[in-house]
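The values are calculated or read from the model by the stated rules, or taken from the named source; none is laboratory data. Since we're looking at a predicted model, the values are computed, not measured. When we count neighbours, we look across all protein chains shown, and the Cβ atoms used for this are built from the backbone with ideal geometry, even at glycine. Keep in mind that these areas ignore ligands, DNA and RNA; they rest on the heavy atoms of the full protein, side chains included. Shrake-Rupley method; radii C 1.70, N 1.55, O 1.52, S 1.80 Å.
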Amino acid sequence: MSKVKVLKNDRYFTVVATKNILKGESILKLQGIVSLSPDKYSLQIGEKEHLASFSDNPQDEFSYFRFINHSCSPNSYFDIPDKALIALNDIPENEEVVFHYCTTEYEMASPFQCLCGNTNCLLEIKGFRYLSDEKKKEFFPQLAPHLKLRETINL
């Protein structure tokens, strides 16, 4: 049984926990098609590699990652080497599963105004490249390896 499901609310799709998920627990495995070019729904997995979902069908468990929304206060992150989404803290059943897009994307294919409403909201999500040095260091433990490499070089 999957730990998450995709729901559609009045404006967008969202991924929610189907049961309580513990901090550090793997939520889902990453699978998809590797591409050299990003799109609005791909996940950057390497310096020039992006993972696209197999389909845009919200019922396709192998494509759930496509529907995970951004939050400036995420409760999960992508562990790219292990190809898994990991809980940053306990996630109660029915809570939305979210991650910070800047922890995988160097430069967003489709930047957007963030409406998460968190006190630490960045307001505009453009990618890791545009974060302050302070934010880059704050996100370091959650960063994808290609971004950790960039950050280490710039320290």
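Which one of 101, 106 is under 12 Å from the mean Cα position of the chain (by Cα), open to solvent by 10 Å² or more (accessible area, probe 1.4 Å) and either touching a residue at least 40 places away in the same chain (Cβ under 8 Å) or under 20 Å from residue 63 (Cβ atoms) (or both)? Break it down into steps so the answer makes sense when it comes.
Working: 106 fails: under 12 Å from the mean Cα position of the chain (by Cα).
Only one candidate passes the filter, namely 101.
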Would you pick out the residues in segment 12-37 that are among the aromatic types (Phe, Trp, Tyr) and either in a loop (DSSP other than H, G, I, E, B) or more than 24 Å from residue 109 (Cα to Cα) (or both)? 12
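Looking at segment 61-78, is at least one residue in a loop (DSSP other than H, G, I, E, B), in contact (Cβ under 8 Å) with a residue 60 or more places away in the chain, on the phi < 0 side of the Ramachandran plot and within 9 Å of the chain's Cα centre (by Cα)?
Taking segment 61-78 first, the residues in a loop (DSSP other than H, G, I, E, B) are 68, 71-75.
Checking which are in contact (Cβ under 8 Å) with a residue 60 or more places away in the chain leaves us with 74.
Next cut, on the phi < 0 side of the Ramachandran plot only: 74.
Okay, now just the ones that are also within 9 Å of the chain's Cα centre (by Cα), so 74.
Scanning segment 61-78, I find at least one residue that is in a loop (DSSP other than H, G, I, E, B), in contact (Cβ under 8 Å) with a residue 60 or more places away in the chain, on the phi < 0 side of the Ramachandran plot and within 9 Å of the chain's Cα centre (by Cα), so the answer is yes.
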Which of (1) open to solvent by 30 Å² or more (accessible area, probe 1.4 Å); (2) in contact (Cβ under 8 Å) with a residue 60 or more places away in the chain; (3) farther than 17 Å from residue 16 by Cβ; (4) in contact with a helix residue (DSSP H, G or I) (Cβ under 8 Å, 6 or more places away or on another chain) does residue 122 not meet, given it meets every other one? (2)
Being open to solvent by 10 Å² or more (accessible area, probe 1.4 Å), closer than 17 Å to residue 132 by Cα and of a type in the set (D, E, K, R): is that true of residue 95 here? no
Is it the case, given these coordinates, that residue 54 is free of Cβ contacts under 8 Å to residues at least 40 places away in the same chain and either more than 25 Å from residue 141 (Cα to Cα) or of a type in the set (Lys, Arg) (or both)? yes
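Working only within segment 37-47, note down all residues that are open to solvent by 30 Å² or more (accessible area, probe 1.4 Å) and modelled with pLDDT of 95 or more. Walk me through it before giving the result.
If we filter segment 37-47 for residues that are open to solvent by 30 Å² or more (accessible area, probe 1.4 Å), which is where we start, we get 37-41, 45, 47.
Passing the criteria: only 45.
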Looking at (1) of a type outside the set (Ser, Thr, Tyr); (2) at negative phi; (3) over 14 Å from the mean Cα position of the chain (by Cα), find the lone condition where residue 117 falls short. (2)
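Specify the residue that is farthest from the chain's Cα centre (by Cα); the eligible residues are those in segment 48-60 that are within 25 Å of residue 148 (Cα to Cα) and open to solvent by 70 Å² or more (accessible area, probe 1.4 Å).
Taking segment 48-60 and keeping what is within 25 Å of residue 148 (Cα to Cα), we get 48-53.
If we keep only those that are open to solvent by 70 Å² or more (accessible area, probe 1.4 Å) too, we end up with 48-49.
Working: 48: 17, 49: 15 Å.
It comes out as 48.
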